[in-house]
Ligand code: PMP
């Protein structure tokens, strides 16, 4: 992720990653009381472009507000600093990781003075890889009544680590988690869509992270005149589907081969997911522009 030349952004300054220190006595490290984002930049015909930069920084702001971490920064300025960071590090296809963490304080009272750090590393698109072998996790997503599920809070990701570690230990590529009502929720770091009879279905907002890629897929469906229905899905719905895919900033559009023992009957190449995958690739690599995406 970094080497001796890597520069990161910290509270208004650009500095070497290797010269940066972090506070040991803080709520972020001890309790996971921090919020973050995962953003991608692509090398397009118009140079390097940060995909949906505004949406990501607006979600960062909302995440902070939902857990009472102050957000004294200007979204436009953070976007500007992100482009500068990419330029300083000479990055073209990159993953960008902003993190808001708190000053030393070991109490359980929120609202501690925050810092913002943004780092980035070269990470090419890996669209078009093999379809994933997925298992239903024995872990559920956190109950929205026990945490802020719509905020990208660091502490929520222990749940993601447990689910992915379990899936890998059983020989699967990734997990799919249910919500507290046993409806399909999401993957540890991606949202999910299924295809049935020429339509797409995805769980509604409420018990999932409001994914920016999920919103993009819905936008693309409207443009491509593909019907997309947001509704609660059961495991039985999944296991009667024609095809399925995950979507997220990091995973982009990733086809699913099977869930547990159930193999999807459609060939990935013939699925709606494959059409969305091609269109998404075109969107991020070609048609993207700074303010107006489509
Ligand atoms: N769900 C979870 C739990 C995630 O961590 C992510 C990645 N941020 C997503 C869904 C997908 O969100 P996005 O498309 O905004 O990357």
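The values are calculated or read from the model by the stated rules, or taken from the named source; none is laboratory data. Only a predicted model underlies this, so the values are computations on that prediction, with no experimental measurement involved. Cβ sites come from the backbone with ideal geometry, for glycine too, and all protein chains shown count toward neighbours.
List of remarks:
- Which numbered condition residue 70 misses (of (1) touching a strand residue (DSSP E or B) at 6+ places or on another chain (Cβ under 8 Å); (2) crowded, with 16+ Cβ neighbours inside 10 Å): (2)
- Within the stretch 100-115, not a single residue is out of contact with any strand residue (DSSP E or B) (no Cβ under 9 Å at 6 or more places or on another chain), without any contact (Cβ under 8 Å) to a residue 40 or more places away in the chain and either within 30 Å of residue 46 (Cα to Cα) or within 14 Å of the ligand (Cβ to nearest atom) (or both).
- Subset of the stretch 1-60 (residues that are within 16 Å of the ligand (Cβ to nearest atom) and assigned to a helix (DSSP H, G or I)): 53, 54, 55, 56, 57, 58, 59, 60
- Considering 194, 223, the condition of being outside the structural domain of residue 59 (by TED's automatic domain parsing) and in contact (Cβ under 8 Å) with a residue 60 or more places away in the chain is satisfied by 223 alone.
- When we screen 175, 120, 167, 151 for residues that are within 30 Å of residue 5 (Cβ to Cβ), within 16 Å of the ligand (Cβ to nearest atom) and at pLDDT 95 or above, the only hit is 120.
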